[in-house]
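Peer 1: Sharing a structure with you now.
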Amino acid sequence: MIVRVDAFGTDDETLWNVMRSMRNGFLTASDWTQTLDAPLTESQRAAWASYRQQLRDAPDTWTAGPEWDAPDPPA
């Protein structure tokens, strides 16, 4: 999913801060998927774990710009 990260400025530091803030929000919103009592199958839990790893890796793979191609959450 393409996410705009330039709403608060276009300098690299601002873009990085916005992207990391959004990434952290996506991680927080998906924390529940990794709890033992989450109503998910093992394959669903694995898909969410993969998505969350992609989010954690984002700062290492993203080049600062007005958009971030964030990973799509599992269906």
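Peer 1: Tell me the Kirkwood hydrodynamic radius of the stretch 36-75 in angstroms, computed as one over the mean inverse distance between distinct C-alpha pairs.
Peer 2: For the stretch 36-75, inverting the mean 1/r across all distinct Cα pairs yields 11.5 Å.
Peer 1: Putting +1 on Lys and Arg Cβ atoms and -1 on Asp and Glu Cβ atoms, find which of Thr14, Ile2, Thr35 reaches farthest to the positive end of the dipole of the chain.
Peer 2: Thr35
Peer 1: So what are the ³J(HN,Hα) numbers for the stretch 67-73, from phi and the Karplus equation (6.51, -1.76, 1.60; θ = phi - 60°), rounded to whole Hz, Gly and Pro as x?
Peer 2: Each residue of the stretch 67-73 in turn: 10, 10, 8, 6, x, 7, x Hz.
Peer 1: Using θ = phi - 60° and the Karplus relation 6.51 cos²θ - 1.76 cosθ + 1.60, list the HN-Hα couplings for the stretch 8-25 in order, rounded to whole Hz, with x at every Gly or Pro.
Peer 2: Each residue's phi maps through the Karplus curve to give 10, x, 10, 6, 4, 4, 5, 4, 4, 5, 5, 4, 5, 5, 5, 4, 4, x Hz.
Peer 1: Also, quick follow-up: Could you give each residue of the stretch 46-58 its phi-based ³J(HN,Hα) in whole Hz, using Karplus coefficients 6.51, -1.76, 1.60 with θ = phi - 60°, and x for Gly or Pro?
Peer 2: 5, 5, 5, 4, 5, 4, 5, 5, 4, 5, 5, 7, 3
Peer 1: Could you work out the relative contact order of the chain? I mean the mean sequence separation of Cα pairs under 8 Å and 6+ apart, divided by the number of residues, in percent.
Peer 2: For the chain, the relative contact order is 49 percent.
Peer 1: Over all pairs of distinct alpha carbons, what does the Kirkwood formula give as the hydrodynamic radius of the chain, in Å?
Peer 2: 13.1 Å
Coordinate-derived values only; no laboratory data. Since this is a predicted model, take the numbers as computed values, not measurements. Every residue, glycine as well, gets a Cβ built from its backbone with ideal geometry; the counts of neighbours run over all protein chains shown.
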